[in-house]
Amino acid sequence: MDKQPNIITAFSEMAPRYEQLMDKELNRFWGVDYATFLDNVLRDFHPSSSDLILDIATGSGFIPGYLVESGKTFSEIIGLDITFDMLVHAQQRILEMRTQNRVLLVCASAHAMPFKQILFDRAICCLATHHMDVPSLLKNIHQTLKPGGYVTIADAGGSSGWKNLMIKSLIKTGAFLYFLMVENFSRAAAESSAIANIHTSEEWSEMLKECHFQNVRLRQLKSRRFYSPDPIIIHAQKSSA
């Protein structure tokens, strides 16, 4: 079954309140707000003034705004998202920042990026890989990065116990019921389906190496709740060869 309709429907509905919702959910499960989490993710992110950056699943444009407001130097950042309604809110943020010449928004799937190969110096994907086919995503990122380019990924990280089919089934059911109660059916369906795409550190390392990334660095943070997966932050580099 194609999961994208549920994802698009869920995130279209969330678009007007996305950042407030992320603050609430990250605080509930990980004990941090959205901006503090991004501080952790991007503290080792140091682009040069000539870098072209791709922000995958940019949502409401929080990361492009964060990079601009934090004084990070770069040439241009392209925010890609499959949900048009999210990009409407991202465009409003960009207009308010008056940095239109540095931020471009594109509505497309991360599984079918409309870019030529070997284009970007850096790529970011934050809190979105659990809604994607990760090997396909990593292949697409690798193809669009220049030799020696960097990728930064942050999301929930799984544990070895999640590989048990009974445990995974219980987690999926719990996720569905929780989001059905606090949100709606589309969000519940999207989040329960996403459980299958939450990977362990070891799985991430293996997938990155299979896609020919090197210098892989993984950092596991600690979630606030025992039932919540620990967040994982990943940095890797495409070979310069």
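Listed values, structure above:
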| item | result |
| --- | --- |
| Overall Cα dimensions of the chain - principal axes, largest extent first, Å | 48, 40, 33 |
| Packing-based exposure ordering (other Cβ within 10 Å, fewest first) of 162, 204 | 162, 204 |
| Around residue 77: net Lys/Arg minus Asp/Glu count, Cβ-Cβ under 11 Å | -1 |
| Rg/Rh (Cα only; Kirkwood hydrodynamic radius) as it applies to the stretch 19-133 | 0.94 |
| Long-range amide H partners of residue 152 with built H, under 5 Å | 123, 124, 125 |
| Compactness relative to 2.2 N^0.38 Å, alpha carbon Rg of the stretch 168-241 | 1.39 |
| Bins of 5 Å, starting at 0 and running to the largest distance - Cα pair percent for the stretch 127-200 | 3, 15, 20, 21, 17, 10, 7, 5, 2, 0 |
| Percentage relative contact order, the chain, counting C-alpha pairs under 8 Å, at least six apart | 21 |
| Convex hull volume of the stretch 1-67 per residue (C-alpha atoms, cubic angstrom) | 120 |
| q = 0.14, 0.20, 0.21, 0.34 Å⁻¹, the stretch 97-140: log10 I(q)/I(0) [Debye, one scatterer per Cα] | -0.42, -0.81, -0.88, -1.37 |
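Read-outs throughout are calculated quantities, based only on the coordinates presented, and are distinct from any laboratory measurement. None of these values were measured; they are calculated from a predicted model. As a convention, Cβ positions derive from the backbone with ideal geometry for all residues, glycine included, and neighbour counts pool all protein chains shown.
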